[in-house]
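FYI, it's all coordinate maths here, none of it is from the lab. Keep in mind that what you see is a predicted model, and the values were worked out from it rather than measured. Every residue, glycine among them, receives a Cβ derived from its backbone with ideal geometry; neighbour counts consider all protein chains shown.
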Amino acid sequence: MITTSQELLEARKKIIAVSRELHEVGLLVRTWGNISQRVDEDSFIITPSGIKYEDLTPEMIVKVKISDLSYEGDYLPSSEKAVHAACYKNRPDVEFIVHTHQVYASCAGTLGIRKIITYFDDEDMIIPVAPYALPGTEKLAESVAFTVKKFPETNALIMANHGTICMGRNSKEAVIEAEKLEVACNNFLIDVCKTDMHHGVEVGFNSHLENGVIVYDIPDTPERVKRIHEKIYHKRPDVKYIIHNKSEAVMAVSRRANHMRPLLDDFAQLIGYSVKVPTNEHGKDADSYHNIKKHVNAIFSLNDGAYCVGKDEDDAMAVAIVLDKGCIAHTAVMRHGEGHYLSLLECYRMNRHYRKSYSKLADAGKK
Ligand SMILES: [Zn+2]
């Protein structure tokens, strides 16, 4: 229980320290995920919405009421505050919560399984998966509350097609849960889905626009690749930066014609609701088979990874990271033989909502 303002300030600093720690080990990326600590029976403090972990300061950590989700101060609390409130409400012993979009646990949460039965070291683990609901909704908070009540002993759970919730009596316990969960889910993907893939971005041929001229990172970029870059800039005036991602998972997906439907919320939000890997049909050359579409931010190249696009390097990199995770999920689902795909309508809504709120946040940042 936090009573004095000094304790509250220390707690806010602790949240920032933990977010940096998780950011460093790769469990938290960019503005995705959120962290909270209980203050008392009816309130907690939580990271704000849409601010990068590197930029957090103590006054940005928002105090939220568990009972009605009202909050104090000038910063908007994380959009997943209802999920945190649901956990504090149903687990009086919990003092600290970490919500991440970590790779292997998120991918395991796309398989359509309600319980992941796996192991960490020699210890058996059962990881519950809360049924899918759109992010930021009351329905998602209800789904998590239902799962927390059903598995009262469990401190780590997955929100289907989204990410994780890790709880503890203190920050250390919650962080350990997140780390254990990632290893245990990777064990599951390797053993059950035969998917042993490294997560990351392997850069191929990147470029960006400078005063309307394409500048290639690698001077002797092949003509074949240059034609694709030219075509992307031509068809997508909003694009200023292209990252060519040739990671193991993206390469694997790019090897065969595919229709990638989103398996993860962040894929639907950042990349698009339907991404196609083109075929190398007769009569089509490298110029004509790339699917460059409005609001679809990854363009696959058959057997050559994907071009991830954005208005700057940061945006393109976000797409590259989320695409890599999406391709691991896609491969795991293919090999597992089943998975839970997001509906087109859900993806469409999330994509539109994300673009709107993202541009609003970007505008607010400029003030
Ligand atoms: Zn989330």
Treating only Lys and Arg (+1) and Asp and Glu (-1) as charged, each at its beta carbon, one finds that the range 1-113 has a dipole about its Cα centre, in Debye to the nearest 20, of 260 debye
Among chymotrypsin sites (Phe, Trp or Tyr not before Pro) in the range 114-157, those in a DSSP loop whose Cβ has at most 15 other Cβ atoms within 10 Å are none
At the level of C-alpha centres, the distance separating the range 69-134 and the range 144-211, in angstrom, is 10 Å
Counting sequence-distant residues (5 or more places) and residues on other chains, those with an amide H built under 5 Å from that of Val39 are Phe44, Ile45
Scalar couplings 3J(HN,Hα) for the range 88-93 by Karplus 6.51 cos²θ - 1.76 cosθ + 1.60 (θ = phi - 60°), nearest whole Hz, x for Gly and Pro, are 4, 5, 8, 10, x, 7
Residue span Glu24 to Lys311: 0.36 nm per residue of separation minus Cα-Cα distance leaves a gain in nm of 100.8 nm
Quick shape summary for the range 28-170, equivalent ellipsoid via Cα gyration tensor, semi-axes whole Å in descending order, reads 25, 16, 14
Answer in debye to the nearest 20: the dipole magnitude of the chain about its Cα centre, from +1 Lys/Arg and -1 Asp/Glu charges placed on Cβ, is 1400 debye
For the range 199-252, the Cα gyration tensor yields equivalent-ellipsoid semi-axes (√(5λ), largest first, whole Å) of 20, 12, 10
Per the charge dipole of the chain (beta-carbon charges, Lys/Arg positive, Asp/Glu negative, Cα centre), the residue among Thr279, Tyr241, Val225 reaching farthest to the positive end is Thr279
Residue-ordered couplings for the range 119-132, obtained by feeding phi - 60° into the Karplus form 6.51 cos²θ - 1.76 cosθ + 1.60 and rounding to whole Hz (Gly and Pro as x), are 8, 9, 6, 9, 8, 6, 9, 10, 10, x, 10, 6, x, 5
Amide H neighbours of Asn258 at under 5 Å, excluding residues fewer than 5 places away on the same chain, with H built from the backbone geometry, are Val277
For Phe300, the residues 5 or more places away or on another chain with a placed amide H closer than 5 Å to its own amide H are Asn291, Tyr307
Scalar couplings 3J(HN,Hα) for the range 329-341 by Karplus 6.51 cos²θ - 1.76 cosθ + 1.60 (θ = phi - 60°), nearest whole Hz, x for Gly and Pro, are 4, 4, 5, 4, 5, 4, 6, 6, x, 8, x, 10, 8
Placing each pseudo-label 7 Å from Cα in the direction of the beta carbon, Val213 and Asp55 end up separated by a distance in nanometres of 3.1 nm
Expressed in Å to one decimal, the Kirkwood Rh of the chain from all distinct alpha-carbon pairs is 21.2 Å
